[in-house]
1. Fully extended, how many nm does the chain gain between His69 and Ala133 (0.36 nm per residue separation, minus their Cα-Cα distance)?
2. Please report, in debye to the nearest 20, how large the charge dipole of the stretch 1-152 is about its Cα centre when each Lys and Arg carries +1 at its beta carbon and each Asp and Glu carries -1 there.
Amino acid sequence: MAAQPGEGAVGRLAIALSLGHFLAFVDRFTLAALMPVLGPRLALGDAATGLLLGPCFALPYATAALFPHKPIHGLAGGIALWSASGAAMGFVNSFEGLAAVRFGLGVGQAAFIPAAMALVAARPGRARAAGLAMFTMASAFGRNVALVSAGADWRRWRGSGWGRHPMGGGGCAW
C-alpha cells in the first residue's frame, strides 16, 4: 500500500510527542521511587509523602485539564512549566517546595498531554492509529523506566553518600 502524502511527517510528529509523553511519565513517577531516600532526609512523614505523590500532582492536573486551549499553546506552555518545575525540583529542600514543584508539574503536564494527543489524533487513517498506539505506549515505558532507574540509583546512593554521586553536590538539598 502506498504511503499517504505527509505520512512520514506524521510519523516524526508522533515520535516526538511520544518522547515527550515518555519524559512526562518519567518525571511524574521518579519522586515516588526516590521517597525512601528523600522522605527521611526531608523529614517527611507518611501523610506528607501521600500528599506529594497524590493530591499535590493530581488536583492541579485534573483542574488544568478542564480548560481547553489550542494544541500549540498547550504544547509550548506545558513544556515550559513542566520543565521549569522539573529543574526546580533539584533545588527544593522542604515539603512546601516539593508541593509547589509537583503543582507546576501537574499543570504543565495537563497542558501538554491533551494537546499532544489532539495533534496525534488529528492525522489520517493508519498514521493516527500508529501514532496513538505509540503515544499511549510511551506512558507505560516512562513509568517503568522511572521506577527501575530511580531504584537502581537509590541502591547506588545508599552506601556512597550524595556528595560523591556524579550528579550530586551543587545546589541539590537532597
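Every read-out reported here was derived from the displayed coordinates using simple, explicitly stated rules and does not represent laboratory data. Given the structure is predicted, the values throughout are model-derived calculations rather than measurements. We place every Cβ from the backbone using ideal geometry, glycine too, and count neighbours over all the protein chains shown.
1. 20.7 nm
2. With Lys and Arg at +1 and Asp and Glu at -1, about 380 debye.
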